[in-house]
Amino acid sequence: MWTDLNDLFGLDHPAQELEFRQMIPRALVVFISGIVLVRLADKRSFAKKSAFDVLLILILGSIMGRSITGSERLFPTIGACFFLILLHRLMGSLACRWPTFENWVKGHADVLVRDGQVQQQTLRRHHISDEDLAEQLRLKAMAEDTQRVRLACLERSGEISFIKMTDDEQHATKKES
């Protein structure tokens, strides 16, 4: 049986000696394992895309691809992927319970605009130009300038979110100026 598996997957062959007939079952095993891994990882891992989540996706894609081409051993690589998914889930669970750990692992949001006032120091720290902010303002908030923005944050995912002022807030801001 071991000889049959070895021949089917080319388990003891160097990568350059793998044949097409051996790469197909490898690809099938990696694909099915990938589906199982995605289901184990939970939906949040592939939706939020914080740096914590993106790192997992990059590592999994990289090492799983190598196991198809034979540059890494097939079954130990898949085992390492399952370990990474479990580690990711554990760290996500711990981050939900301890805010300090969450900030360390996932980062935090930073305020870019508060009550219409651009926080220039925060923009510079994150290498966001005024034009980058203006572009996102037009695309996401459908606004021309920050005077109508109560709050704009650079989220943990790297996206910029906007909360516009209500009409009453806009009138109150104009009266104060």
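List of remarks:
- When R138, R156 are sorted by how many other C-beta atoms sit within 10 angstrom of their C-beta, beginning with the fewest, the order is R138, R156.
- Share of pairwise Cα-Cα distances greater than 13 Å in the stretch 109-176 is 60 percent (whole percent).
- Put in order of Cβ neighbour count within 10 Å, fewest first, the listed residues M142, M64, M1 become M1, M142, M64.
- With semi-axes defined as the square roots of five times the eigenvalues of the C-alpha gyration tensor, the equivalent ellipsoid of the chain measures 49, 17, 13 Å, largest first.
- Taking the chain and dividing mean pair separation by its residue count, relative contact order in percent (alpha carbons under 8 Å, at least six apart): 17
- Using alpha-carbon coordinates, inclination of helix 167-176 to the longest axis of the chain, degrees: 50
- Legend: ranking of residues L137, L5, L18 from fewest to most surrounding C-beta atoms inside 10 Å; resulting order L5, L18, L137.
- Whole-Å semi-axes of the stretch 1-94's equivalent ellipsoid (Cα gyration tensor): 29, 12, 10
- Under 13 Å, Cβ to Cβ, from D130 - net charge with Lys/Arg +1 and Asp/Glu -1: -2
Values quoted throughout were computed directly from the atomic coordinates according to the rules given, and no laboratory measurement underlies them. Here the structure is a predicted model, which means the values were calculated and not measured. Neighbour counts are summed over all protein chains in view; Cβ atoms, including those assigned to glycine, are modelled from backbone coordinates with ideal geometry.
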